[in-house]
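The structure under discussion appears below in the form of structure tokens.
The values are calculated or read from the model by the stated rules, or taken from the named source; none is laboratory data. For clarity, every value in this text was computed on a predicted model and none was experimentally measured. Don't worry about glycine lacking a Cβ; one is built from the backbone with ideal geometry, like all the others, and counts go over all protein chains shown. Accessible surface areas use protein heavy atoms only, side chains included; no ligands, DNA or RNA. Shrake-Rupley method; radii C 1.70, N 1.55, O 1.52, S 1.80 Å.
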Amino acid sequence: MHSVISIFSGDVNDFGHVYLDSIGFSPIGIYIAWMIKLIHLFSVVLIWIDRCIKPIAVCNILIFIFGIYYVHWQNGWFVVGGGNNGIEFNILLIFSFFNLMYPEVSLKFTNKKRT
């Protein structure tokens, strides 16, 4: 739902024009910003209806990795509030999307048989 707030507040345009263009993505920063926000928005619907899970997960994981590299890394680990803070929430989301892609994978120490 982060994308909905960014779209209605106009922050997505600022993210594209001001931030992405300034770090070398000019003149396509605005298009990248909108692509990111629309992927996030459509991901919600597709996950709700259980469709295209793996492609959506891969797209989101790539977005989170690039977000860590370009936006969040310099702020450390912890996320505070709704700003551009640390990487902890992106890491959580990456592992959550991996779990959506591969729900059958489990850690061995969590599957101990009880007698």
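(1) outside any loop (DSSP other than H, G, I, E, B); (2) of a type outside the set (Val, Ile, Thr); (3) under 14 Å from the mean Cα position of the chain (by Cα): which one isn't true of GLY86, the others all being true?
Checking GLY86 against (1) outside any loop (DSSP other than H, G, I, E, B); (2) of a type outside the set (Val, Ile, Thr); (3) under 14 Å from the mean Cα position of the chain (by Cα), the one that fails is (1).
When you go through (1) more than 16 Å from the chain's Cα centre (by Cα); (2) among the basic types (Lys, Arg); (3) assigned to a helix (DSSP H, G or I) one by one for LYS54, which number turns out not to apply?
(1)
Determine which single condition VAL79 fails, assuming it passes every other condition in (1) loosely packed, with under 12 Cβ neighbours inside 10 Å; (2) under 27 Å from MET101 (Cα atoms).
Of everything listed in (1) loosely packed, with under 12 Cβ neighbours inside 10 Å; (2) under 27 Å from MET101 (Cα atoms), VAL79 misses just condition (1).
Which residues, taken from the range 26-58, are closer than 19 Å to TYR70 by Cβ and open to solvent by 60 Å² or more (accessible area, probe 1.4 Å)?
SER26, PRO27, ILE28, TYR31, TRP34, MET35, LEU38, VAL58
Just wondering, is there one or more residues in the range 91-113 that are open to solvent by less than 40 Å² (accessible area, probe 1.4 Å), outside any helix (DSSP H, G or I), modelled with pLDDT under 90 and not aliphatic (A, V, I, L, M)?
So far as the range 91-113 goes, no, none of its residues is open to solvent by less than 40 Å² (accessible area, probe 1.4 Å), outside any helix (DSSP H, G or I), modelled with pLDDT under 90 and not aliphatic (A, V, I, L, M).
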